[in-house]
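Since the structure comes first, as structure tokens, the remarks are kept for the end.
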Amino acid sequence: MTNKMPVYYKCNMRKYEHVIAYLICSLIVAVIAFLFYHIVPLSIVIGLAAGIYLEKVYADSTVKKRQRILRLQFRDFLESMSVATRAGNVEVKAVEAALKDLQLSYNEKADIVKEVQNIIVSYQQGGIELSVLFEDLAERSGLEDIKSFATIYSVIEGKSDRFGDILSQTHQIIGDKIEIEQEIETTIASAKSETNMMLLMPIVIVVAMSAMGGEMTESLFTEPSGHLAATAALVIFAVSYVIAGKVSDIKV
């Protein structure tokens, strides 16, 4: 390849971004822990420990988000290639025509624009076959849709006149999967909102109790039994957060 291209199934965050994410996550958890314990050192320890897990969750979410965006962009790429092929362009010319369409829809920093530019340059200047370049993108993307297209293309390259039909079919399959995912997201959107509200309720209740004061809150923050109850509540809160995240992560 002409340049070192990104691996999309791995986190591409920079070190300082990991540090910032970790500090923010740790701070949020520390504040929540303080609301339950009113003990600063313990709250800091809990925050720093939980921040390790939450930073990883955040980093993983950036990977999934980038992959989702790349798949949407790849669908548009196939659509542009399909149109160019039906107009009589051969594969290479279709890729070049698709790049021009993509540059109208996306900025130069978009992943699909960089990838298609890399494919064209590698083919024209490096003499690398398109099938190899598509397979490289498929491997780095970690996306089954792109892998399927690359596999099919490597089989038919230069051997079939049905390239345009295959492009259209692949574009349709990806489009159908994206539509199904969007329908699922719409269906569970209200459930996600309700879940987030339920997760926030314990914090709201503890804040309200702290504001009211009284013997009950004093025992909660000073007595061993109160600390035990706070620990149980935090554990339930954390488990609920993890379960909610896994349940809402639906793959098509």
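Taking the Cα atoms only, what angle lies between the long axis of helix 15-37 and the longest principal axis of the chain, rounded to 10 degrees? It works out to around 30 degrees. Positive end of the dipole of the stretch 1-86 (Cβ unit charges, origin at the Cα centre): among ILE32, LEU48, TYR22, the Cα lying farthest that way belongs to TYR22. On full extension, the segment bounded by GLU157 and ALA110 gains 14.2 nm, given 0.36 nm per residue less the C-alpha separation.
By the helix-only formula, in which each DSSP H run with n ≥ 4 contributes -39500 (n - 2.57) and the sum is divided by residues, the chain has a 222 nm mean residue ellipticity of -29000 deg cm²/dmol. Full extension of the chain between TYR241 and THR186 gives 17.8 nm of extra length, using 0.36 nm per residue less the Cα-Cα distance. In the chain, taking the dipole from charged Cβ atoms about the Cα centre, the farthest positive-side position among PHE77, ALA238, SER193 is held by PHE77.
For the stretch 197-205, backbone phi angles converted through the Karplus equation (6.51, -1.76, 1.60; θ = phi - 60°) give residue-by-residue couplings of 5, 5, 5, 7, 4, x, 5, 4, 5 Hz, Gly and Pro being listed as x.
Fully extending the segment from ALA49 to GLN169, taken as 0.36 nm per residue of separation minus the present Cα-Cα distance, adds 38.4 nm.
Dipole magnitude for the chain: about 460 debye, using +1 per Lys or Arg Cβ and -1 per Asp or Glu Cβ, origin at the Cα centre.
Phi angles across the stretch 5-10 convert, under the Karplus curve 6.51 cos²θ - 1.76 cosθ + 1.60 with θ = phi - 60°, into 3J(HN,Hα) values of 8, x, 9, 7, 8, 10 Hz, Gly and Pro given as x. Overall dimensions of the chain, expressed as equivalent-ellipsoid semi-axes from the Cα gyration tensor (√(5λ), whole Å, largest first), are 51, 19, 13.
Most tightly packed first, judged by the mean number of other beta-carbon atoms within 10 Å of their residues, the peptides 63-73, 184-194, 77-87 read 77-87, 63-73, 184-194.
If you add up the charges near TYR53, with Lys and Arg at +1 and Asp and Glu at -1, over every other residue whose beta carbon is less than 14 angstrom from its beta carbon, what do you get? Local net charge: 0.
Any read-out appearing in this document is the output of simple, stated calculations on the displayed coordinates, not a laboratory observation. These figures come from a predicted structure and were not determined experimentally. Reconstructed Cβ throughout: ideal geometry from the backbone, glycine too, with neighbour counts over all protein chains shown.
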